[in-house]
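Single-structure report; data block below.
Read-outs: derived from the displayed coordinates by stated rules, not from any lab. The model shown is predicted, which means the values in this text are computed figures rather than measured ones. Positions of Cβ are backbone-derived with ideal geometry, glycine not excepted, and every protein chain shown enters the neighbour counts.
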Amino acid sequence: MVIAEGQNQTPAYLAINPRGRVPTLAISDHAAPGDEAKEQILTELSAILIYLAKTYPAANLLPQDNLPFVRAMEWMSWLGSTMHTGGVRTVLRPDRFVSDPAAADAVKARGMKSVLAGYADIESRLAGRPWALGEHYSVVDMCLLVFYCWGKRIGLTMRQAYPNHARIMDAARARPAVQGAIAHEGITIE
Ligand SMILES: N[C@@H](CCC(=O)N[C@@H](CS)C(=O)NCC(=O)O)C(=O)O
């Protein structure tokens, strides 16, 4: 899926996800207990990651216990709202916030302030932790890998400025499944 080429706005993709956003996951599941399994479309990154973690519990991608699980939700909610929609997206897509092109630079500049505060917040929360939630890799670390890439895309010197974030990104990308996803997408992460 290449968003820059408008592949998320093709009639074929909009027929799958009318919101025209990425990611989208087609699942074969039961609408209700006892129903026959049928294909459904799932959107929203957090929902997709929770679905995958709960569908494949042996992978241990989300904690089961109450408070650790809620901590994971706290991370993902903040990353998806404050950091993505209210942060990185204002810098990458200011045209989605103001229709006047002359105002776009002001949106970007203010957005960048929030983004820098957000990356500093992430950095301090990762200090002294092998992974975002503690001892175990989780879907939160997957999200942090994406935010590392976005930080680089908006011109931040991620490795130098945010060493804890870089350490967790390095550990995440060393995992075979992550390597497979990176190779599949043809992404380079430095
Ligand atoms: N809240 C959604 C946001 C999805 C989203 O905006 N994805 C971006 C890519 S990171 C996108 O589809 N952009 C295309 C566009 O805005 O046209 C989620 O968490 O999945």
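What dipole magnitude, in Debye to the nearest 20, does region 62-185 give about its Cα centre under +1 on Lys/Arg Cβ and -1 on Asp/Glu Cβ?
Details: 15 positive and 11 negative charges, 54 e Å.
About 260 debye.
Taking 8 Å as the Cα distance limit and 6 or more residues as the minimum spacing, I'd like the relative contact order of the chain as a percentage. Provide the component values of the computation, followed by the final result.
Values: 176 pairs, mean separation 24.7, N = 190.
Dividing the mean separation by the residue count of the chain yields 13 percent.
Run the quick spin-label model on S124 and R89: label points 7 Å from Cα toward the beta carbon, then report their separation in nm to one decimal.
Here the modelled spin labels are 2.6 nm apart.
In the Gaussian network model of the chain, springs joining C-alpha atoms below 10 Å, which of A47, A31, A127 carries the largest mean-square fluctuation?
Maximum among the listed residues: A31.
Given springs between every Cα pair under 10 Å in a Gaussian network model of the chain, which of L67, L42, L156 has the largest fluctuation?
L67
How big is Rg to Rh over the chain, alpha-carbon atoms, Rh as the Kirkwood inverse-mean-distance radius?
Values: Rg = 17.8 Å, Rh = 18.2 Å.
Over the Cα atoms of the chain, Rg/Rh equals 0.98.
Taking +1 at the Cβ of each Lys and Arg and -1 at the Cβ of each Asp and Glu, which of M142, I48, A26 sits farthest along the dipole of the chain towards its positive end, judged by Cα position relative to the Cα centre?
M142
Residue separation times 0.36 nm, minus the C-alpha to C-alpha distance between D65 and I48: what's the value?
Values: separation 17, 0.36 × 17 = 6.12 nm, distance 1.98 nm.
Fully extending the segment from D65 to I48 adds 4.1 nm.
What full-extension length gain, to one decimal in nm, is calculated for A15 and A183 as 0.36 nm per residue of separation minus the Cα-Cα distance? It would help to have the intermediate numbers written out before the result.
Working: separation 168, 0.36 × 168 = 60.48 nm, distance 2.75 nm.
So the chain would gain 57.7 nm between A15 and A183.
Which residue, A72, A59, A32, has the most motion in a Gaussian network model of the chain that connects Cα atoms within less than 10 Å?
Per the Cα network of the chain with a 10 Å cutoff, A32 tops the list.
What is the ratio of the Cα radius of gyration of region 3-43 to 2.2 N^0.38 Å, with N the residue count, to two decimals? The partial results should precede the final answer.
Details: Rg = 12.7 Å, N = 41, 2.2 N^0.38 = 9.0 Å.
Taking the Cα Rg and dividing by 2.2 N^0.38 Å, one obtains 1.41.
Taking the Cβ-Cβ separation of A161 and A26 as r and a Förster radius of 35 Å, what is the calculated FRET efficiency to the nearest 0.05? Could the numbers behind the result be given before it?
Details: r = 38 Å, r/R0 = 1.09.
Calculated transfer efficiency: 0.40.
According to the square roots a ≥ b ≥ c of the eigenvalues of the Cα gyration tensor, what is the shape class of region 28-126, taking rounded for a/c under 1.5, prolate for a/b larger than b/c otherwise, and oblate for the remainder? Please report the intermediate quantities before stating the final value.
On the way: a/c = 4.35, a/b = 1.69, b/c = 2.57.
Oblate, because a/c is 1.5 or more while a/b does not exceed b/c.
Mind checking region 1-65 for GluC sites (Glu not before Pro) that DSSP puts in a loop (not H, G, I, E or B) and that have at most 10 other Cβ atoms within 10 Å?
Counting only loop positions with at most 10 other Cβ atoms within 10 Å, the GluC sites (Glu not before Pro) in region 1-65 are E36.
Between M73 and A174, what is 0.36 nm times their sequence separation minus the Cα-Cα distance? Round to one decimal in nm.
On the way: separation 101, 0.36 × 101 = 36.36 nm, distance 2.44 nm.
Roughly 33.9 nm would be gained on extension.
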